[in-house]
Structures are given as C-alpha cells and as structure tokens.
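Just so it is clear, none of the values below were taken in a lab; they were calculated from the coordinates. Note that the coordinates shown come from a computational prediction; the quantities given were computed from them, not determined experimentally.
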Amino acid sequence: MTLQNAIDIRRSRRKYLTTPIDAATVEKLQALISEYNHKAGLNMQFVLNNGSAFGGLRKSYGMFTGVMNYIGLIDNPSDERCKEKLGYYGATVRNLANE
C-alpha cells in the first residue's frame, strides 16, 4: 500500500470534552495566533464555542464529538512555504497553550 492509499482510506475517531476554555488561555491563544499571523504572513483562525465545522466530516473523514473550539490553519497556495509555516506555528501555539 502506498502512502496516498493509506491517506485515502484513513478514518479518524475523536471524542473531546465540552469543558470551556478559561479566559486566560483564550487570551493567550488569541495573542499568539495574532502575533504569528503577522510575523509569518499566515491565516490561522481561532474558533470558540462553535463545533458546526465538524458536522459534515462524519461521512468523509471520521467521527468527532464534543468539538467546540479549534484553530483553523488556512493554506495560502501562493506561498510555497505556507504548509511548513502552518505546521511549525500551529504546533508552537498548541505547545505554548498547554504550558
């Protein structure tokens, strides 16, 4: 099986807690995302209290329950390093938020 075949047949199952994110963490995440968007020319977006984006994924990708908050990492096809930057800064935001 090739890597592409594995990606095509992969399905994900994720269950998240519905516990709200505290105000200090929200503020920290928003500040980091804003800073990194400006610094690296990215378009990361922090979505709070809205899990509707995951409703249609059940049939095409997997099952997600309890998702209410997420960070969208939005690709810019005209920036050939965009995926690399999104991976780096996205992981950095996640790691710093968990400190």
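Below 8 Å, C-alpha to C-alpha, sequence gap of six or more: please give me the relative contact order for the range 19-97 in percent.
With pairs under 8 Å counted, the relative contact order is 32 percent.
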Please quote Rg/Rh for the range 19-97 to two decimal places, taking the Kirkwood radius as Rh and restricting both calculations to Cα atoms.
0.99
